[in-house]
Amino acid sequence: MLAMVTISFAVTYTLTIYDQYEHNDQDNERHFLDKEQAIRASMEYFVIQNGGYIPADSVVSVFSDKVCELSDVHNVFIALFDLKGRYLISSNFIEMDTLDIPESVNYSILKQLSTGNERAYVDRNFGKGNYTLAYWYFNDSKGKPMLIANVVYEKSYDRISELKSFLREISTGYIVLFLLAALLAFLLSKNITRPLDIITRRIRKTKLGEYNEPIDWQGKDEVGELVKEYNRMLAQLESSALKLAQTERESAWREMAQQVAHEIKNPLTPMKLRMQQLVRTWKEQPEGFDDRLKAFSESMIEQIDALTRIANEFSHFAKMPKSQLAETNLRELLEKVIALYGDQENVQLSFHSIGQSNYSAMIDKDQLIRVLNNLITNAIQAIPSDRKGNVSVCLRAGEKGFLIRISDNGVGISNENRKRIFVPNFTTKSTGTGLGLAMVKTIVEQNNGRVFFWSKEQKGASFFVFIPHPKG
């Protein structure tokens with residue numbers, strides 16, 4: 001009886017969900033086509049108003065406001081490329097990175113467009129199925145291709161919300177039927193299950209790592225055999241629990257030791273290089289040596305303070321330090337950290353900032369130094385020895401917070417490693433503990449921020465650290 005009610009409910013539930021999701025996909029396809037046609041019409045009218053043709057070198061200045069306007073009106077992401085597939089402009093550059101949209105159009109898409117396909121490429125499951133993406137030619141007033149447009153539409157799930165309400169209603173009916181069937185089953189099986197109920201209550205009281213009293217049962221029936229097996233497993237469980245507890249303690253201390261060593265080792269190499277540079281500079285006695293010595297001293301003191309705090313926290317509490325938020329000038333902090341890596345051979349580091357002049361944020365300065373040390377060190381180590389290295393650090397100030405980008409031209413991150421990049425103890429290096437990026441993620445999220453990345457194999461990678469403005 002219970003099985004019939006359950007199977008009937010499962011079949012109804014499954015068919016309803018399948019039908020509604022199929023209709024939801026059809027609605028999204030129709031909405032996307034409507035938005036695409038509206039955007040095409042608006043852009044064609046805009047071109048006609050501007051003389052019927054816009055040169056490629058003028059697209060950015062002419063379409064800058066129009067692309068943002070159409071993006072806001074139709075709630076889509078829009079990007080424009082020239083006829084060779086090179087990126088020109090988009091409605092939101094940060095969103096382009098977040099959506100992982102390539103900065104150049106794939107050759108196969110260009111080939112499809114050139115053969116006369118009106119829509120060269122449509123991906124209805126872009127962004128893990130949450131978006132629809134399309135490429136198409138944008139023509140001038142004479143019908144000649146002028147640009148390549150890319151539109152990304154976020155799917156709507158309004159029908160799914162209605163589905164949830166409907167499913168709640170039919171679930172209520174089936175629950176009532178199930179309860180009635182369960183009551184009848186309970187009345188029929190009460191006498192049969194009474195001995196098992198006694199054993200069940202004792203098993204529920206069983207706790208790992210504590211003494212558990214065996215069950216005393218005098219009967220020689222099937223229940224007696226079950227009790228005998230339970231008592232035997234109970235003895236084995238207690239023995240295994242002791243071994244497991246000891247193993248977990250040893251593993252925890254090993255991992256903690258690895259993490260402490262990793263955190264302390266990261267700043268030591270740039271500190272050593274900086275010290276060697278200072279000694280060479282002192283021997284040459286150049287002008288402005290006092291200023292260089294002062295800057296060096298400040299950088300060394302900050303790094304040493306960070307190391308001291310890490311060592312104290314681990315030795316006293318055996319856990320990650322808690323965030324000590326304080327107002328910090330991000331630009332000055334970045335310049336000091338980057339200065340420590342100035343003597344890297346075959347690697348050129350650059351830094352620039354975009355946006356407002358005030359770069360103050362509420363952040364734990366020591367923890368942010370550890371984050372930057374890890375990301376810059378990883379960027380340098382990702383560059384092959386036979387390649388001229390370029391590591392670029394950019395600080396962007398926005399309305400919602402600050403975005404720090406650290407980019408390199410190294411080997412990039414393979415597709416199979418991307419999902420595990422922030423997992424503790426995962427590393428692609430022959431040496432290392434794999435705790436660096438996991439620690440970076442923990443620290444950034446502990447400071448109410450967010451860390452993410454973009455990468456292309458053999459072309460490089462970019463890591464982004466978003467630090468929000470304090471609420472209120």
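Of note, Val391 satisfies the criterion of being among the hydrophobic types (A, V, I, L, M, F, W, C), modelled with pLDDT of 90 or more and either buried (at least 18 other Cβ atoms within 10 Å of the Cβ) or not in a helix (DSSP H, G or I) (or both). None of Leu88, Leu33 is surrounded by 14 or more Cβ atoms within 10 Å (Cβ to Cβ), in a strand (DSSP E or B) and not β-branched (Val, Ile, Thr) except Leu88. Among the residues of the range 349-368, the ones that are modelled with pLDDT under 85 and touching a strand residue (DSSP E or B) at 6+ places or on another chain (Cβ under 6 Å) come to 2 in all.
Can you tell which of Asn346, Asn374 is under 21 Å from the mean Cα position of the chain (by Cα), modelled with pLDDT under 90 and over 19 Å from His469 (Cβ atoms)? Let's see the steps before the verdict.
Numbers: Asn346 fails: under 21 Å from the mean Cα position of the chain (by Cα).
Residue meeting the stated conditions: Asn374.
As a summary of the residue check, Ala257 satisfies the conditions (1) under 30 Å from Asp366 (Cα atoms); (2) small (Gly, Ala, Ser); (3) modelled with pLDDT of 75 or more except for the one numbered (3). With respect to being closer than 30 Å to Tyr13 by Cβ and touching a strand residue (DSSP E or B) at 6+ places or on another chain (Cβ under 7 Å), Tyr131 fits the description. From the list Phe32, Phe46, the lone residue that is in contact with a Ser or Thr (Cβ under 7 Å, 6 or more places away or on another chain) and either of a type in the set (Phe, Trp, Tyr) or under 27 Å from Asn125 (Cβ atoms) (or both) is Phe32. Candidates are the residues of the range 36-70 that are part of a helix (DSSP H, G or I) and aromatic (Phe, Trp, Tyr); the one that is surrounded by the most Cβ atoms within 10 Å (Cβ to Cβ) is Phe63.
Condition check ((1) in contact with an Asp or Glu (Cβ under 9 Å, 6 or more places away or on another chain); (2) under 22 Å from Lys294 (Cα atoms); (3) not in a strand (DSSP E or B)) across all residues:
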| residue | (1), (2), (3) |
| --- | --- |
| Thr328 | yes, yes, no |
| Glu332 | no, yes, yes |
| Glu335 | no, yes, yes |
| Tyr341 | no, yes, yes |
| Phe351 | yes, yes, no |
| Ile369 | yes, yes, yes |
| Thr377 | no, no, yes |
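Where residues in the range 328-371 are under 15 Å from Pro270 (Cα atoms) and without any contact (Cβ under 8 Å) to a residue 24 or more places away in the chain, which of them is surrounded by the fewest Cβ atoms within 10 Å (Cβ to Cβ)? Across the range 328-371, the extreme among qualifying residues is Glu345. The residues of the range 141-163 that are modelled with pLDDT under 80 and either exposed (fewer than 14 other Cβ atoms within 10 Å of the Cβ) or not basic (Lys, Arg) (or both), listed by number, are Ser141, Gly143, Ser156, Tyr157, Asp158, Ile160, Ser161, Glu162, Leu163. If the condition is being touching a Pro at 6+ places or on another chain (Cβ under 9 Å) and assigned to a loop (DSSP other than H, G, I, E, B), then the range 394-421 contributes Lys400, Gly410, Val411.
From the list Glu103, Glu69, Glu95, the lone residue that is acidic (Asp, Glu), farther than 16 Å from Leu147 by Cα, in the same structural domain as Tyr137 (by TED's automatic domain parsing) and under 27 Å from the mean Cα position of the chain (by Cα) is Glu95.
Scanning the range 394-426 for residues that are acidic (Asp, Glu) and either buried (at least 18 other Cβ atoms within 10 Å of the Cβ) or within 18 Å of Trp454 (Cβ to Cβ) (or both) yields Asp408, Glu416.
The values are calculated or read from the model by the stated rules, or taken from the named source; none is laboratory data. These figures come from a predicted structure and were not determined experimentally. So basically every Cβ, Gly included, is an ideal-geometry build from the backbone, and we count neighbours across all protein chains shown.
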